[in-house]
Amino acid sequence: MRHTFIFGGIALVWEFTGTIAGPEALPPLSMVILRLGEAFREGTAIVQIGSTLWKTVLSFALGSGAGVLLGLIAGLFRPVESFCQPLIYFTYALPRVALIPLFILWLGLGDRTVVVAAAVAVFYIVLINTLNGVKQIDPTLIRAGRNLGASDLQLMTKVLLPATVIPLFASLRLGFGQALISVVSGEILIGDSGLGYWIWNARYKMDTALVFVNLVLLALLGYLTMRMASAVERTISRRPRDVVHELWI
């Protein structure tokens, strides 16, 4: 109920302010809703959302998969951590957008460059959070797993991974948001489809209402994915010590 009042108040303020400011500066909410409905009826919104989503999911899968794997390996093997940590800290501060020209030289213009650049951004977020999560695990869990005869692969999949589920999912939520941001930024710079590309076209046409349509769609996508991630996290969260007890059951 409280959220309803908050969003209702924002909607009223937006409509009133937009009516006064004019559609060129701030289109009223009613105008944005009408344009949004037209975009869905024409099918344009579905096409652009689909283009952005598949690039976001692919970049998230690549970046988070590599980040989780390297984070678990570095957390389990100290020499790997000692080797990787200076490189991570040295390259982490590099702006991801600054890497896009380099990726263009390697991969050319198009979706491949957008996906790779976004995957790199996700990789660092997930890697650092996974590694920090592994460091917080009670060492007795790892020793207990080794005493039970667990292999390194079993330790990673049945001890480290479940024991870091809370920080891991926090990093995955951040990683997906970063993937979406990076993909849209890449679409604005070099894309030929997607919500970012659509926003850039609207800017050339001075179509402020269409820009806000895209912003609303992006906000909804971010909200829905965060809610889904939270639901999944609540479902699969388990107590770390239960994992060791079940290791050989």
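Specify which of the listed residues (Glu24, Glu15) is of a type in the set (Asp, Glu) and in contact (Cβ under 8 Å) with a residue 60 or more places away in the chain. Before you say what the answer is, go through the steps one by one.
Values: Glu15 fails: in contact (Cβ under 8 Å) with a residue 60 or more places away in the chain.
Sole residue among the options that is of a type in the set (Asp, Glu) and in contact (Cβ under 8 Å) with a residue 60 or more places away in the chain: Glu24.
Taking residues in the stretch 123-142 that are more than 16 Å from Lys158 (Cα to Cα), and partners anywhere that are β-branched (Val, Ile, Thr) and exposed (fewer than 15 other Cβ atoms within 10 Å of the Cβ), the pairs with Cβ atoms closer than 9 Å and at least 6 places apart or on different chains are Tyr124/Thr91.
Answer yes or no: is there a residue in the stretch 77-100 that is part of a helix (DSSP H, G or I), in contact with an Asp or Glu (Cβ under 9 Å, 6 or more places away or on another chain) and exposed (fewer than 15 other Cβ atoms within 10 Å of the Cβ). Show your work before the answer.
Restricting attention to the stretch 77-100, the residues satisfying the condition of being part of a helix (DSSP H, G or I) are 78-92, 96-100.
With the extra rule that they be in contact with an Asp or Glu (Cβ under 9 Å, 6 or more places away or on another chain), the set shrinks to none.
Scanning the stretch 77-100, I find no residue that is part of a helix (DSSP H, G or I), in contact with an Asp or Glu (Cβ under 9 Å, 6 or more places away or on another chain) and exposed (fewer than 15 other Cβ atoms within 10 Å of the Cβ), so the answer is no.
If you go through the stretch 154-202 and keep only what is out of contact with any helix residue (DSSP H, G or I) (no Cβ under 7 Å at 6 or more places or on another chain) and under 26 Å from Pro23 (Cβ atoms), you end up with just Asn201. Is one or more of the residues making up the stretch 126-145 buried (at least 18 other Cβ atoms within 10 Å of the Cβ), under 27 Å from Ile190 (Cβ atoms) and among the β-branched types (Val, Ile, Thr)? Yes, the stretch 126-145 contains at least one residue that is buried (at least 18 other Cβ atoms within 10 Å of the Cβ), under 27 Å from Ile190 (Cβ atoms) and among the β-branched types (Val, Ile, Thr).
Sub-7 Å Cβ pairs linking a first residue in the stretch 75-97 that is farther than 25 Å from Leu161 by Cβ to a second residue that is of a type outside the set (Gly, Ala, Ser) and surrounded by 11 or more Cβ atoms within 10 Å (Cβ to Cβ), at least 6 apart or interchain, are Arg96/Val120, ordered by first then second residue.
Consider the stretch 101-112 and keep the residues that are in a helix (DSSP H, G or I) and in contact (Cβ under 8 Å) with a residue 60 or more places away in the chain. The one that is nearest to Ala163 (Cα to Cα) is Asp111. For the stretch 68-98, a tally of residues being within 20 Å of Arg143 (Cβ to Cβ) and among the charged types (D, E, K, R) returns 2.
Listed by position, the helices (runs of 4 or more DSSP H) enclosed by the stretch 113-215 that each have at least 2 residues that are among the aliphatic types (A, V, I, L, M) and over 19 Å from Gly71 (Cβ atoms) are 165-190, 195-204. Of the residues making up the stretch 28-40, none is closer than 24 Å to Phe176 by Cβ and of a type outside the set (A, V, I, L, M, F, W, C).
Where a number appears in this text, it was derived from the coordinates with a stated rule and is not lab data. The shown structure was predicted, so the numbers you read here are calculated from the model rather than taken from an experiment. Heads up, the Cβs are rebuilt from the backbone with ideal geometry, glycines too, and the neighbour counts pull from every protein chain shown.
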